[in-house]
1. For the structure I just gave you, tell me whether Ser61 is modelled with pLDDT of 75 or more, small (Gly, Ala, Ser) and under 30 Å from Glu26 (Cβ atoms).
2. Taking the stretch 36-82 as the search range and keeping residues that are touching a Gly at 6+ places or on another chain (Cβ under 8 Å) and either without any contact (Cβ under 8 Å) to a residue 24 or more places away in the chain or open to solvent by 60 Å² or more (accessible area, probe 1.4 Å) (or both), which one is nearest to Asp124 (Cα to Cα)?
3. If a residue has to be at pLDDT 95 or above and either open to solvent by less than 50 Å² (accessible area, probe 1.4 Å) or among the aliphatic types (A, V, I, L, M) (or both) to count, how many in the stretch 139-149 make the cut?
4. Cβ contacts < 9 Å: first residue without any contact (Cβ under 8 Å) to a residue 24 or more places away in the chain, restricted to the stretch 128-148; second residue exposed (fewer than 12 other Cβ atoms within 10 Å of the Cβ) and of a type in the set (Ser, Thr, Tyr), any location; separation 6+ or different chain. Result?
5. So which residues in the stretch 18-35 are open to solvent by 90 Å² or more (accessible area, probe 1.4 Å) and either at pLDDT below 75 or among the hydroxyl-bearing types (Ser, Thr, Tyr) (or both)?
6. So in the stretch 103-138, with the set limited to residues that are modelled with pLDDT under 85 and open to solvent by less than 100 Å² (accessible area, probe 1.4 Å), which one is nearest to Leu53 (Cα to Cα)?
Amino acid sequence: EDSIYFTYKNAGCEIIRVSDALAFVEAISSGIEKSSISPFDIVFIDADKTRFLQYVEACLSNDKVLKKGGMMIVDNVLWKGLVLDLNGGSNDAVTDDEDKMKREELKKSRRARKLANIVHKFNDAIVKDERVEVLMLPIRDGLSLIRKK
């Protein structure tokens, strides 16, 4: 029986892990990072929510990090449903009782409300950015698929 093994190297792909991703991405964008990294097709951003816009800007400022037509996938764009609450919306229909209790606890958390506000500002800014097309998926904590024009 033949088995097919997929490896990233066989596909010409590479996973890069660094300690300070934003500094690394900014170094690529500015030309400081001189390694032979080609522009990425996909950049997944699951990082410090207060720096979402900085990550996106580093990817959009030129074509060194993310190629034209490339995708950024940004995680946690609904931040525990609290971003929906800021918009006057409700996510009660998609949660069970236990999740509702957790969300109520988060509402009380000053830090959670602050982060929700920051994420809300990110969502508002990115949807207005003419350099991209945005699709937000309201699954779990939310994912935004952002295509660079």
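The values are calculated or read from the model by the stated rules, or taken from the named source; none is laboratory data. The structure displayed is predicted, hence computed values, not measured ones. No Cβ is skipped: glycine too gets one built from the backbone with ideal geometry, and neighbour counts run over all protein chains shown. The accessibility values were calculated without ligands, DNA or RNA, using every heavy atom of the protein model including side chains. Shrake-Rupley method; radii C 1.70, N 1.55, O 1.52, S 1.80 Å.
1. On the way: modelled with pLDDT of 75 or more: yes; small (Gly, Ala, Ser): yes; under 30 Å from Glu26 (Cβ atoms): yes.
So Ser61 fits the description; yes.
2. It comes out as Ile42.
3. We begin by selecting, within the stretch 139-149, every residue at pLDDT 95 or above; these are 143-149.
Now restrict to residues that are either open to solvent by less than 50 Å² (accessible area, probe 1.4 Å) or among the aliphatic types (A, V, I, L, M) (or both): 143-146, 148.
The number of residues fulfilling the criteria is 5.
4. Within 9 Å, no pair qualifies.
5. Looking only at the stretch 18-35, we keep the residues that are open to solvent by 90 Å² or more (accessible area, probe 1.4 Å), and these are 19, 32, 34.
Of everything in the stretch 18-35, those that are open to solvent by 90 Å² or more (accessible area, probe 1.4 Å) and either at pLDDT below 75 or among the hydroxyl-bearing types (Ser, Thr, Tyr) (or both) turn out to be Ser19, Lys34.
6. Narrowing the stretch 103-138 to residues modelled with pLDDT under 85: 103-113.
Okay, now just the ones that are also open to solvent by less than 100 Å² (accessible area, probe 1.4 Å), so 103-104, 106-107, 109, 112.
Details: Arg103: 25, Glu104: 28, Leu106: 23, Lys107: 24, Ser109: 23, Ala112: 18 Å.
Result: Ala112.
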